[in-house]
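First up is the structure itself, then whatever we jot down about it.
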Amino acid sequence: MACASFAGSATVAFNSTGILNKSGGLTAVDRKLCSLHFNRTSEYSQWQSKLSFSSSGVKAGMATIEHTSVEATPKVEPPVVIVTGASRGIGKAIALTMGKAGCKVLVNYARSSKEAEEVCKQVEAMGGQAIAFGGDVSKEEDVASMMKTALDTWGTVDVMVNNAGITRDSLLMRMKLSQWQDVINLNLTGVFLCTQAATKIMSKKKKGKIVNIASLVGVIGNIGQANYAAAKGGVISLTKTVAKEYSTRGITVNAVAPGFIASDMTAVLGEEIEKRVLGTIPLGRFGKPEEVAGVVEFLALNPASNYMTGQVINVDGGMGM
Ligand code: NAP
């Protein structure tokens, strides 16, 4: 189940004066990773303040370290991120964005193991680390096993992105209980289970970020999606409640509410509905998964979002205004 081993990002040791790889040198990968950290992954402000130097500064720093080798070098590890439903669509884009930022990414999927392993390879090629984990996040035992995998592999969870979701559309009058239940089980109960499990880990260190992928439909409703709208509306209320419960424990909880995004989920809509939907989007097009992933990255990794919690950000081309 586990994907390729951790390639692509040699352990980088940080201290106040320099960056070293295991052999004491600065590899091309390290340099790439570090520049990514400088520019994108500024979750740890100390990284920025301690790492803003030129390459000559690095050499000087290394010389200092050699002379004071007895001093411990504090090692700051890249954030550990779990993304559910990351084999395709929006989840894949989020996993790749996190990988590009140098994170350690657990790529969860339900059935698409090959696609998930491909996502892992791409994350590693971008300088991150990745493992694939097959499991149904609507099941408590699978969620427990997913968390254990992240803990056994990387020792913690810093960011939980609850993205996995399905649709089982039907008008209310024809909706079967199984259609209702399937969507509620994954899209709402799955978020509850992963959030509860992640907050247990994050509470201990009083630090963590949870980002839930809701939907504009959860705010404004949609014909044929009573199950989906109810689940996503529930995700929004859950987001705000957990944000309040964990505000004193260093954990922020926010949601992103996409409008219509080009993915397998919307590919089944059909030409007529697609045309009708496009007419309701002020920006006149479907969004791209990367456009959702960028906002998730901001909420998960950027310290500029540290003062935000319980918020719902629409990424909808203006559809919900
Ligand atoms: P997608 O392309 O259909 O991908 C769904 C992902 O969820 C896949 O990786 C799938 O894994 C995974 N998944 C399905 N059942 C699962 C389960 N039981 N446990 C774990 N993973 C499971 O969907 P998407 O369009 O990227 O949507 C991602 C999220 O954004 C969903 O929560 C969706 O509701 C939300 N959203 C999407 C849109 C949109 O327009 N696309 C708009 C608003 C909100 P497998 O590949 O293994 O099946």
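For VAL105, enumerate residues with amide H under 5 Å from its amide H, sequence gap 5+ or separate chain, H modeled in the peptide plane.
Placed amide hydrogens put VAL81, GLN129, ALA130, ILE131 under 5 Å from VAL105.
Normalised by the empirical 2.2 N^0.38 Å for globular proteins, what value does the Cα Rg of the range 176-321 take? Could you put the intermediate results ahead of the total?
Details: Rg = 16.0 Å, N = 146, 2.2 N^0.38 = 14.6 Å.
That works out to 1.09 for the range 176-321.
What are the aspartates and glutamates whose alpha-carbon lies under 16 Å from the alpha-carbon of LYS206, with same-chain residues fewer than 8 places away excluded?
Reachable aspartates and glutamates: GLU43, ASP158, GLU245.
Of the cross-linked pairs LYS92/LYS139; LYS148/LYS232; LYS75/LYS114; LYS139/LYS288, which ones have a Cα-Cα span greater than 25 Å in the structure shown?
Violating the 25 Å limit, Cα to Cα: LYS148/LYS232; LYS75/LYS114; LYS139/LYS288.
Per residue of the range 93-107, what does 6.51 cos²θ - 1.76 cosθ + 1.60 with θ = phi - 60° give for ³J(HN,Hα)? Whole Hz please, x for Gly and Pro, Karplus curve as stated.
Taking θ as phi minus 60°, the curve returns 4, 5, 4, 5, 5, 5, x, 4, 7, x, 6, 9, 10, 8, 9 Hz for the range 93-107.
Report the calculated FRET efficiency for THR73 and ASP264 (r = Cβ-Cβ distance, R0 = 35 Å), to the nearest 0.05.
Given R0 = 35 Å and the Cβ-Cβ separation, E is 0.15.
Tell me, how many Å apart are the Cα centres for the range 123-165 and for the range 244-263?
18 Å
For a quick protection proxy, order the peptides 259-268, 150-159 by their average other-Cβ count within 10 Å, most packed first.
Packing proxy ranking, top to bottom: 150-159, 259-268.
If you count, for each residue, the other Cβ atoms within 10 Å and average over each peptide, how do 101-108, 299-306 line up from highest to lowest?
101-108, 299-306
Scan around ILE261 for amide H atoms under 5 Å from its own, H built in the peptide plane at 1.01 Å from N, and keep only partners 5 or more places away or cross-chain.
Under 5 Å from the amide H of ILE261: GLY287.
Which of LEU177, LEU278 has the fewest other C-beta atoms within 10 Å, and how do the rest follow up to the most? Write out the running numbers ahead of the final one.
On the way: LEU177 8, LEU278 14.
Fewest-to-most Cβ neighbours within 10 Å comes out as LEU177, LEU278.
Ordered by residue, what ³J(HN,Hα) values in Hz, to whole numbers, does the range 203-214 give under the Karplus form 6.51 cos²θ - 1.76 cosθ + 1.60, where θ = phi - 60° and Gly and Pro are x?
4, 4, 9, 6, 6, x, 10, 10, 10, 9, 8, 8
So what are the ³J(HN,Hα) numbers for the range 142-157, from phi and the Karplus equation (6.51, -1.76, 1.60; θ = phi - 60°), rounded to whole Hz, Gly and Pro as x?
Residue by residue, the range 142-157 yields 5, 5, 4, 5, 5, 5, 5, 4, 5, 5, 5, 7, 10, x, 6, 9 Hz.
If the range 101-247 were replaced by its equivalent ellipsoid, with semi-axes equal to the square roots of 5 times the Cα gyration tensor eigenvalues, what would those be, largest first, whole Å?
Semi-axes from the Cα gyration tensor: 28, 19, 13 Å.
Suppose a student asked you for the relative contact order of the range 268-321, using Cα pairs under 8 Å spaced at least 6 residues apart; what percent would you report? Please list the in-between numbers first.
Values: 26 pairs, mean separation 24.8, N = 54.
Taking the mean separation of contacting Cα pairs over the length of the range 268-321, I get 46 percent.
No value in this document is a laboratory result; all are computed from the given coordinates. Quick caveat: nothing in here was measured; it's all calculated off a predicted structure. Virtual Cβ from ideal backbone geometry, glycine too; neighbours counted across all protein chains shown.
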